[in-house]
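Notes to accompany the following structure.
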Amino acid sequence: MSRTQLELHIDFTVCEGRGLCTELLPEVLVRDDWGYPMGRGGRDVPVPGSLADAAQDAVDLCPVRALMLRRVSRA
Ligand code: SF4
């Protein structure tokens, strides 16, 4: 049986660092030594449903559209 989960994808080909998204989602994102966001679990960051609105805000406010929120199936 599979279930769906929200996942935040970071496109590092366009991300400029500076970390606005890390300020909006400190529960799931941290900054690396150069200011780029790092998911606590990697490039594709699982987002709990309770943080869906904050994640959408991060997507909407990213100045270079480097974030994508998507729903993925997990086995
Ligand atoms: S808000 Fe966008 S450009 Fe800024 S660090 Fe996050 S993903 Fe990168």
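Label sites at residue 5 and residue 40, each approximated as a point 7 angstrom past Cα along Cα to Cβ, lie 1.2 nm apart.
Sorted from fewest to most neighbouring beta carbons within 10 Å, what does the list 62, 21 look like?
62, 21
Taken one residue at a time, the phi angles of the range 59-68 give Karplus couplings (6.51, -1.76, 1.60, θ = phi - 60°) of 4, 5, 9, 4, x, 10, 6, 8, 10, 9 Hz. Gly and Pro are set to x. The length gained on full extension between residue 16 and residue 57, counted as 0.36 nm times the residue separation minus their Cα-Cα distance, comes to 13.0 nm.
For residue 66, no residue whose modelled amide H falls within less than 5 Å of its own remains once neighbours fewer than 5 places apart on the same chain are excluded. Would you work out which of 6, 54, 29 lies farthest towards the positive end of the dipole of the range 3-74? Charges go on Cβ: Lys and Arg +1, Asp and Glu -1. Farthest towards the positive end: 6.
Read-outs throughout are calculated quantities, based only on the coordinates presented, and are distinct from any laboratory measurement. Just so you know, these numbers come straight off a predicted model, no measurement behind them. Counting neighbours? That spans all protein chains shown, and the Cβs are built from the backbone with ideal geometry, glycine included.
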